[in-house]
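*Asks:* My structure is below; once you've seen it, I'll send some questions.
The values are calculated or read from the model by the stated rules, or taken from the named source; none is laboratory data. Because the structure is a prediction, the values reported are computed rather than measured. No Cβ is skipped: glycine too gets one built from the backbone with ideal geometry, and neighbour counts run over all protein chains shown.
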Amino acid sequence: MSAIRSFAALVAAKLVAFATAPKRFVVTVQRAIYDLRTGKRTPWDVAKSVLMTLFGLAMVLVLLFPLFWIFAASLAEGTRLFTTSGIFPDPSTYNLGAYRWVIFESDFFFVDGDWGYPQLVLGGSGGLVSFRWAGTETGPGAVFNSLYIVSVTLAAGFGMIVPAAYAFSRRKFVGRKRILYGYVLFTQIGAGLSIATLVALYSLFSSYGLTNNLFVLGLFYAASAIPFNTWLLKTYMDNIPVSYEEAAMVDGASFFDTIREVILPLTKPGLAVVLIFVWLAGWNEFIIAQTLLRPENYPLSVELYNIATEGRFSTPWTRFAAFANLFALPVAIVYFAAQRSVEDGLSFGGMEG
Amino acid sequence: MASSQLDVGGGGLSRLRSALPFSGHDWGLLLVIPGVILFSSFMLYPIVYLFYISLTDATFAGSVIGGGAELIGLANYAQLLRDPQFWSSMSTTWLFVAVSLVVKVFVAVGIALLLNHARVVGKRYMRAAVIVPLGFPGIFTITVWRGMFSDARFGVFNTVLGRYNEFMSALSAPQVLLFDVPIGFLSGRWEAFFAYVTTEVWLAYPFMVIIIVSALQDVPESLHEAAMVDGAGWLQRFRTVTLPAIKGPVLFASILTAATSFQQFLIPWVFNRGGPARQNELIIVYGYREAISFNEFGLSAAILIVAIAFVGLFMLVAVRYGGLAEGVGEQ
């Protein structure tokens, strides 16, 4: 509960920072004007700053162009996207039709977008007249499959990555060097390796009767995320001075107290990065999922791929865009909140120089 | 305490305990074991099994699963070496890794330098925006790029190039500077290769930028000032102050992203299935297609084993000589 509250506080703080950004920008401009008037800075000096900023801004726009484009496309349901008039759809035709399609017609939330319906109940325990939500008739949709896979991946991943990272960072044991070395070798071999072993995977899964099993698939994704994230978290923990734990021990903290009060709080940025990466491992993959699962168990990533390749040459861009935006939304929110941590956690303190 | 009591308990037991390769101090191993087991059963075991398949003549899914395939030794590997498609795929893959790596490094260093520059106002926000692609699902962004590289006359890049042509013609520029639109980005060999590289660079630059920026921020400002006092120009400061600071991290990020590029599957697959005419099949796509489209499971397994061996070898060399495992030996 407190985790949710602190997450909400983090998002709120971010939003406030964004909302007040224009004011801070105005102050910067005012200060520059003041400096110009009083002769503290030369016009050429100010002009250089302005040019560099504009240059940076232009670069950001170019780099993020694909994302602007697809967002604009998601608002253009029912209009022709590729026309002579330009790349972006006409703003006057913007509509939310594509999102409506995703929510109420596609398999995103419920199969065929059947959300069920409100039902009027006369009598019963809820008073004389009450409303009840009647269940969907077609069954839950792809988002529930995705969430199920990701929960398994996160639970298994965190349960194995965090203790292992701690042990690698703080303990001596037989085979430590060898296992860690093996993990480093496999750090960058995630998705690519799973596709490479797909043939073997499929026959192994079939012979053990594990195909079409979301739980096992979630475990599989966790396994693919283990080497990189264990190593990442281990390097992060290495940067926490051992003296902190020693000091806590001297003050009478037990072993588990040091974990709870010293290690975990100080590892938060690292944990945030691992959370994102492990989440992505379960949320994004689709080739294995498509091969091992049957259509009723498809997660969002496979559905998205199916929309993208519906017609050989004609992706229904607006619907694809709306679907993809909703698909990427959870990650985007977490990412937005934890962006500072991502930068900190990925900086590999021990790797510099 | 506990161990001394056990020692008293019986001579046989204590002798057994001292014969074991681990002792009570090694309990950290218990924290690591579950992850190793999970990883081995889902990642290493399939590789071993894949190697077994590569030694058989499995030609359809049933024979792989049901075990109706015969062991034929290294025949698949021999066939592979004679297959021109294998060599073409291998060289295309290496070219792809090399070209995209060089472009990536330049792009990422450029972005990192600009977004860490003292004169850029609001650089923290720009940095936050610029690393956003890292958080988007690959299938999403890669499909979007396919849409932008559309062959159609009104595809995004073709439209942009058309505008550029109009602009240049208005300046009465020579014909050489104009593009012959529409360009079939996905139907020409090198055009498609160019599209792959562009997309790969776009996917990988955020990771590099994060690592380079954090290295840049660790450079003390006083170093730059000292260099400036000594009259060093921008280029000289870059060479003597900035470059030494980012060399390590850039090498580190290069190794990791190069290994991923080598295994790139989604870009060629989503763009045009490694086409046109199988000319741009990166190695994993090649192996995947041999299994999926042609049912050559034994051959496909051999291809993928070769690919895995290459990545493993690459990582081994990188880890040994690139200082990737620096922290491994320390305690």
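*Asks:* Could you tell me how many of the residues in region B:268-287 are among the hydrophobic types (A, V, I, L, M, F, W, C), surrounded by fewer than 23 Cβ atoms within 10 Å (Cβ to Cβ) and within 11 Å of chain A (Cβ to nearest Cβ)?
*Replies:* The qualifying residues number 2.
*Asks:* Sort out which residues of region B:193-239 are out of contact with any Ser or Thr (no Cβ under 6 Å at 6 or more places or on another chain) and among the polar types (S, T, N, Q), and write them in order of number.
*Replies:* B:THR198, B:THR199, B:GLN217, B:SER222, B:GLN236
*Asks:* If you don't mind, another one. Taking region B:104-148 only, how many residues are at the interface with chain A (Cβ under 8 Å from one of its Cβ atoms), without any contact (Cβ under 8 Å) to a residue 24 or more places away in the chain and of a type outside the set (Phe, Trp, Tyr)?
*Replies:* Summing the residues that are at the interface with chain A (Cβ under 8 Å from one of its Cβ atoms), without any contact (Cβ under 8 Å) to a residue 24 or more places away in the chain and of a type outside the set (Phe, Trp, Tyr) in region B:104-148 gives 15.
*Asks:* Hey, among the residues in region A:183-201 that are free of Cβ contacts under 8 Å to residues at least 12 places away in the same chain and of a type in the set (Gly, Ala, Ser), which one's nearest to the other protein chains (Cβ to nearest Cβ)?
*Replies:* If we take residues in region A:183-201 being free of Cβ contacts under 8 Å to residues at least 12 places away in the same chain and of a type in the set (Gly, Ala, Ser), then A:GLY192 is nearest to the other protein chains (Cβ to nearest Cβ).
*Asks:* So if I check each of A:THR291, A:THR258, which one is assigned to a helix (DSSP H, G or I), at the interface with another protein chain (Cβ under 10 Å from one of its Cβ atoms) and not hydrophobic (A, V, I, L, M, F, W, C)? So that I can check it myself, show each step before the final result.
*Replies:* Values: A:THR258 fails: at the interface with another protein chain (Cβ under 10 Å from one of its Cβ atoms).
Testing whether each residue is assigned to a helix (DSSP H, G or I), at the interface with another protein chain (Cβ under 10 Å from one of its Cβ atoms) and not hydrophobic (A, V, I, L, M, F, W, C) leaves just A:THR291.
*Asks:* If you go through region A:225-269 one residue at a time, how many are touching an Asp or Glu at 6+ places or on another chain (Cβ under 8 Å) and under 29 Å from B:PHE207 (Cα atoms)?
*Replies:* The total comes to 4.
*Asks:* Just to be sure before I move on: is B:GLN279 free of Cβ contacts under 8 Å to residues at least 40 places away in the same chain and farther than 18 Å from B:ILE308 by Cβ in the structure I sent?
*Replies:* It is false that B:GLN279 is free of Cβ contacts under 8 Å to residues at least 40 places away in the same chain and farther than 18 Å from B:ILE308 by Cβ.
*Asks:* Now, a different point. Can you give me the number of residues within region B:288-305 that are part of a helix (DSSP H, G or I) and more than 10 Å from chain A (Cβ to nearest Cβ)?
*Replies:* 3
*Asks:* Of these, A:ILE226, A:ILE179, A:ILE161, which one is free of Cβ contacts under 8 Å to residues at least 24 places away in the same chain, within 19 Å of B:ILE33 (Cα to Cα), assigned by TED's automatic domain parsing to the domain that holds A:PRO269 and not aromatic (Phe, Trp, Tyr)?
*Replies:* Going through A:ILE226, A:ILE179, A:ILE161 in turn, just one is free of Cβ contacts under 8 Å to residues at least 24 places away in the same chain, within 19 Å of B:ILE33 (Cα to Cα), assigned by TED's automatic domain parsing to the domain that holds A:PRO269 and not aromatic (Phe, Trp, Tyr): A:ILE179.
*Asks:* Here are some residues: A:GLU303, A:GLU296, A:GLU310. Which one is within 26 Å of A:ALA98 (Cα to Cα) and outside any helix (DSSP H, G or I)?
*Replies:* A:GLU310
*Asks:* Moving on to the next point. Which residue, of B:TYR52, B:TYR45, is modelled with pLDDT of 65 or more, within 25 Å of the chain's Cα centre (by Cα) and within 30 Å of A:PHE220 (Cα to Cα)?
*Replies:* B:TYR45
*Asks:* Would you kindly identify the helices (runs of 4 or more DSSP H) lying entirely within region B:188-254 that contain at least 3 residues that are free of Cβ contacts under 8 Å to residues at least 24 places away in the same chain and more than 17 Å from B:VAL107 (Cβ to Cβ)?
*Replies:* Counting at least 3 such residues, we get B:221-229, B:234-237.
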